[in-house]
Amino acid sequence: MKTLKQTRQIFRMLAITLLLVTGTAQAERIKDLASLAGVRNNQLVGYGVVVGLDGTGDQTSQAPFTTQSLINMLGNLGVTIPSGTTLQLKNVAAVMVTMQMPPFAQPGQQFDITVSSMANAKSLKGGTLLMTPLKGVDGQIYAIAQGNLIVGGAGGSAGGAKTQINQLAAGRIPAGATVERAVATAVGSGDSVLYELSTADFGTAQRVAEAINIGVGDAVAAPLDGRRIRVRAPTLPNERVAFIGRIENLEVTPFSVAARVTVNSRTGSVVMNQNVSLLECAIAHGNLTVTVNAETQISQPNPLSAGQTAATQTGQVDIKQDQSSLIRFKPGVTLTEVVKALNSVGATPMDLINILQAMKAAGSLRAELEVI
């Protein structure tokens, strides 16, 4: 009896340990599932000029705004160019500068920027971006950009031959923008903050609210819908920051992700999550190939004859049908089995798209089919 009792205790402890390990493996922090409403990045954009290019800049005859921009810039620096002067610039390019300013960014902080050619410059490699103001959607200047470009591509041409690796018309400047004005970011309004789930789910919203209430020890959180959770928070700034930091690190086990198949019709990419399954169905797959060959034959007349050279064209049409395959899926088939089975019938990515659409129309695909 004692041995049996000890065995039961051991199995009970193993079961509890397994549950804890499983819960920990599936649990995610609230900061990974949701974000605070109003705390977001801000998009900045600016128009600038890149100089110092090795003859790969804009063709000013086709991009007159490049010349105009340079004349205006030189005028601001005290250099006057006589009217009517024709400038042939090969080392200058007009560019657009973009940046994402993170929340709570303060004046003096530096961030990376992306510089992209907007005319017909061949390459921005080796160029230097001159001082460029970056504006927000309200037209106000929030940062100033300047620096030397880093272009990841490479290319060369000679004798009519040309080769290129990656993109040469865009580059980045690490720490190329300096924040000049902060964007006011309010963390909640009044005595509460609002968390927004990255993916709407009523069950997950309820679990997040329960985890916050258990972690804080008070009923401070309540779900408003499938995406938003309102949390009552302290009003003093330092207490609110500590309170939010504590909440963000609480762990929640979200509900299972909905079964979804995402298809990129342009590239033929198909991505399926692990929850995709099928009802029982059968698929026939086969390709019909039509080949048309045209051959031109020249008929020469005999010597000293009055005949003329004639050209005749003969055509040949071949139709070939690959061997079709019929494959059957049983109910509850997993993602691995679906992919393995479709590959076994020789389905290409584009074939797979058509097969999945037909399976969805037939009601056999137990998943959301999204075409992008």
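Nothing in this text is a laboratory measurement; each read-out follows from the coordinates by a stated rule. Small disclaimer: the values here were computed from a predicted structure and weren't measured. FYI the Cβ positions are ideal-geometry reconstructions off the backbone, even for glycines, and counts take in every protein chain you see.
Excluding same-chain neighbours fewer than eight residues apart, the aspartates and glutamates reachable from LYS90 by a Cα-Cα span under 14 Å are ASP54, ASP58.
Over the stretch 213-258, Cα pairs under 8 Å with separation of 6+ residues give a relative contact order of 25 percent.
Across the stretch 17-138, the relative contact order, built from alpha-carbon pairs under 8 Å that are at least six residues apart, equals 40 percent. Less than 5 angstrom separates the built amide H of ALA233 from those of SER192, VAL193, all sequence-distant by 5 or more or on a different chain. Residue exposure proxy: PHE255, PHE111, ordered by other Cβ atoms within 10 angstrom of their Cβ from fewest to most, comes out as PHE255, PHE111.
Could you check how many percent of all C-alpha pairs in the stretch 186-252 are farther apart than 20 Å? Roughly 21 percent, rounded to a whole number. Expressed as a fraction of 2.2 N^0.38 Å, the value expected for a compact globular protein of N residues, the C-alpha radius of gyration of the stretch 16-150 is 1.58. Summing +1 for each Lys or Arg and -1 for each Asp or Glu among the other residues whose beta-carbon sits under 11 angstrom from that of GLU368 gives +2.
When you count the other C-beta atoms within 10 angstrom of each residue and take the mean per peptide, 232-243, 36-47, 119-130 line up highest first as 119-130, 36-47, 232-243.
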